[in-house]
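Notes follow once the structure below has been shown.
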């Protein structure tokens, strides 16, 4: 049977899912638990590999083939996320891949439970350029300088923390009071514009 | 009470009596505020028919005086006249006072513009986009905002690029931070 929704997934995934049928219920549940744990925290690759190795050892399997199998299985939730599939659609396609009915139901049930978190994560990870991570500010009064003994002008200093690749960069900006009001006005306009779409 | 200006400064200022016109006095006073330079010393020496050494001292003294006026914000004629010694040439004293008073506002603004500061926000542009898809999610509808800040660092020396442009992307939560600050 051909999958209806996840057409971009390679054919070899069918074979891999049929291998999953060899696991008993408890084993399958545990393996899916490991899978979703990784999907929710995709940076924890070492932990994922370690858990698979432990699982393999515990159930008398070779770790190597299991890891390969799971890498292939990962393509399914990723594709499902990309296409915003429902739990029902996933269940149907898993059965089309050859996964047993009970196992397909369990997988899609887990998907339904974690869908919101997984979608949010996928959206959050969408490419961002110089993402603003944090902002700090302070107001002050300049009382004097080396050129003028008594000044009395107001300033605002901003520290913008932006993400550049894997590290953060700080940008320091100083504004006079009129500049600050202009900045605020523009940011309110941008906020109103964004609110139209959310 | 403002600190006093040393008497050597005033004796150097007497050299201005050699100036052929009031305009020359004005020119030297205004130029000296920025600081001594080879060019200024040479021009002054030529205009006043004095030696280079004397011209350099005159420029330095004028610089000291104008910065003193600026620092202590001496903004009335009486305040400026009172720092001159009793014996100082009366007309020259009045002329110098007039020149200093005329130029003080511009000098003050200039000093405030060039004061020690973090990079200043010169301009701000923004754009709101709607992200409709990505490699991990084919269809979505998420607003995002790009803000471009033009920053000018007044402390950069003039031969280096002092204006820089920074573009920052904001999403919902970042927007809330900015909204909350107001």
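Values in this text are rule-based calculations from the coordinates and carry no lab data. Since we're looking at a predicted model, the values are computed, not measured. Because the Cβ atoms are built from the backbone with ideal geometry, glycine has one as well, and the counts that use them run over all protein chains shown.
Below is a table of values for the structure above.
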quantity: Cα-based equivalent ellipsoid of chain B: semi-axis lengths in Å, sorted from largest, via gyration tensor; calculated: 55, 19, 11
quantity: Peptide A:122-131 - average C-beta neighbours from other chains (10 Å radius); calculated: 6
quantity: Chain B - percent relative contact order, Cα under 8 Å, separation 6 or more; calculated: 16
quantity: Percent of Cα-Cα distances greater than 21 Å, calculated over segment A:11-126; calculated: 34
quantity: Average projection area in nm² (convex hull over Cα atoms of chain A, one quarter of hull surface); calculated: 16.5
quantity: At q = 0.14, 0.24 Å⁻¹, base-10 log of I(q)/I(0) for segment A:130-196 (Debye sum, equal scatterers on each alpha carbon); calculated: -0.59, -1.06
quantity: Kirkwood Rh in Å, taken over the protein assembly as shown so that all alpha-carbon pairs contribute; calculated: 27.5
quantity: Choice from A:108, A:119, A:167 showing the highest fluctuation, given a GNM over chain A with Cα pairs closer than 10 Å; calculated: A:167
quantity: Euclidean distance between Cα centres, segment B:29-99 to segment A:11-86, Å; calculated: 84
quantity: Point-to-point label distance, residue B:94-residue A:120, nm (Cα→Cβ direction, 7 Å offset); calculated: 8.0
quantity: Residue-averaged [θ]222 nm for chain A, counting only DSSP H segments that reach four residues, each worth -39500 (n - 2.57); calculated: -18500 deg cm²/dmol
quantity: Within a Gaussian network of chain A (alpha carbon springs, distance under 10 Å), most fluctuating of A:72, A:117, A:153; calculated: A:153
quantity: Ellipticity estimate at 222 nm from DSSP helix runs (n ≥ 4, -39,500 (n - 2.57)) divided over chain B, nearest 500; calculated: -15500 deg cm²/dmol
quantity: Efficiency of FRET from Cβ geometry, residue A:182 and residue A:146, R₀ 30 Å, rounded to 0.05; calculated: 0.55
quantity: Peptide A:138-150, shielding by other chains (average Cβ, 10 Å cutoff); calculated: 4
quantity: Per-peptide average of other Cβ atoms within 10 Å, ordering A:21-30, A:80-89 highest first; calculated: A:80-89, A:21-30
quantity: q = 0.15 Å⁻¹, segment B:1-90: log10 I(q)/I(0) [Debye, one scatterer per Cα]; calculated: -0.54
quantity: Computed E for residue B:114/residue A:105 - FRET, C-beta separation, R0 56 angstrom, nearest 0.05; calculated: 0.15
quantity: Highest-fluctuation residue, B:59, B:30, B:131 considered, GNM on chain B with Cα pairs under 10 Å; calculated: B:131
quantity: Inter-probe distance in nm under a simple model that places probes 7 Å from Cα toward Cβ, at residue A:159 and residue A:112; calculated: 4.8
quantity: Length-normalised contact order for chain A - Cα pairs under 8 Å, 6+ apart - percent; calculated: 18
quantity: Relative contact order (percent, whole number), segment A:11-126, Cα cutoff 8 Å, 6+ residue spacing; calculated: 36
quantity: Exercise: per-residue mean of other protein chain Cβ atoms within 10 Å, B:121-133; calculated: 4
quantity: Residues A:44, A:101, B:169, B:86, sorted so that the one with the fewest Cβ neighbours within 10 Å comes first; calculated: B:86, A:101, A:44, B:169
